[in-house]
Amino acid sequence: MSSSKTLLITGVSSGFGRALAKEALAVGHKVVGTVRSTEAKRDFEALFANAAFARVLDVTDFDAIGGIVAEIEASVGPIDVLVNNAGYGHEGIMEESPLSEMRRQFDVNVFGTVAMMKAVLPFMRERRRGHILNITSMGGHITMPGIAYYCGSKFALEGISEALGKEVKPFGIAVTAVAPGSFRTDWAGRSMARTPRSIADYDRIFDPIRKAREEKSGKQLGDPQKAACAMLAAIAADCPPTHLLLGSDALGLVRDKLSALAEEIRAWEAVTVSTDG
């Protein structure tokens, strides 16, 4: 790595956050990670003396975020890279899933991420440099039955990331939306919130998907350590990508989606242009 940076990563207790923190520390970066408890704070700071720092923060505690970011800037140093990793998956047929679960999904995956970005941007903008990575999902590009709230939150984050990148590019700040496919994290295990089934009409389309996801958990093709290395490559790049897919499954599924979309646009082109004038 050409130079040491200070990374602020949300959700470093497990999954991509933990993997990225460990790889970043191993190559000489400083990492400040957010955790949910004092026990997790001690555990994370034990990883690497004088380079691993933790702050107890729930990203839905919007009022606390600004103060914590300012304290990190003052006590640890300028935040070069913000990695918004904290999030979770909600699984449930939309008709069966209460709106309260959608609000919680968006509070964590979207509003918490935006609150973190709003807190670091004044510092990055003043320095005229910085990089924000938002961990989205291939579910921010493609969909499947039973994860409407999750896909909605990730589609939102993809759009917000892309628009923000255009707003802050003049200030030397890059924004990258990182969209992983299926990886051996706990996303489909204990980290997933599942709405109980209640409408039999959906059994045929959804039950096989839920069963396959549960059976596949822990056996996915994607390696979180390799994902971490890919993210570090993006962080080190002179011209980092706006969108970065991770995993051959994400690549294939997103390419198929774009191809189908292009075909549908062609099929309905006459109707599309008929509305002009």
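Over 18 Å between Cα atoms: which of 219/257; 154/257; 154/226; 118/169; 5/30 fall into that group?
Too far apart for the 18 Å limit: 219/257; 154/226.
Going by average Cβ density within 10 Å per residue, which order do the peptides 133-139, 3-9 take, highest to lowest?
Highest mean packing first, the order is 133-139, 3-9.
Tell me, what HN-Hα J-couplings in whole Hz come from the Karplus equation 6.51 cos²θ - 1.76 cosθ + 1.60 at θ = phi - 60° for each residue of segment 255-265, using x for Gly and Pro?
Those phi angles translate into 4, 4, 4, 5, 5, 5, 5, 4, 5, 5, 4 Hz.
If Lys and Arg each add +1 and Asp and Glu each add -1, what is the summed charge of the other residues whose beta carbon sits under 10 Å from the beta carbon of residue 62?
-3
Would you calculate the volume per residue, in Å³, of the smallest convex hull containing every Cα atom of segment 137-253?
Cα-based convex hull of segment 137-253, divided per residue, equals 113 Å³.
Give the aspartates and glutamates whose C-alpha is closer than 15 Å to that of residue 211, dropping any in the same chain fewer than 8 places away, or say none.
91, 203
For a quick check: sort 256, 80 by the number of other beta carbons within 10 angstrom, fewest at the front.
With the fewest neighbours first, 256, 80 line up as 256, 80.
Please compute the net charge surrounding residue 80, taking Lys and Arg as +1 and Asp and Glu as -1 over other residues with Cβ under 12 Å from its Cβ.
+3
What number, rounded to the nearest 500 deg cm²/dmol, is the helix-based mean residue ellipticity at 222 nm of the chain, given -39500 (n - 2.57) per DSSP H run of at least four residues and division by all its residues?
-15000 deg cm²/dmol
Bin all alpha-carbon pair distances of segment 16-148 at 5 Å intervals from 0 and give each bin's fraction as a whole percent.
2, 9, 17, 21, 20, 14, 9, 6, 3, 0
How big is the C-alpha Rg of the chain next to the rule-of-thumb value 2.2 N^0.38 Å, as a ratio?
Expressed relative to 2.2 N^0.38 Å, the Cα Rg reads 1.05.
Which of 253, 261, 157 has the fewest other C-beta atoms within 10 Å, and how do the rest follow up to the most?
With the fewest neighbours first, 253, 261, 157 line up as 261, 253, 157.
How charged is the neighbourhood of residue 269? Take every other residue with its Cβ under 14 Å from the Cβ of residue 269, and add Lys/Arg as +1 and Asp/Glu as -1.
Cβ neighbours under 14 Å give a net charge of -2.
Name the aspartates and glutamates eligible as straight-distance cross-link partners of residue 22: C-alpha to C-alpha under 16 Å, and not fewer than 8 places from it in the same chain.
Correct list for residue 22: 43, 45, 223.
Here, each number is a calculation from the coordinates, and none is a lab measurement. Everything numeric here is computed off the predicted structure, so don't read it as measured data. All Cβ positions, glycine included, derive from the backbone under ideal geometry; neighbour counts span all protein chains shown.
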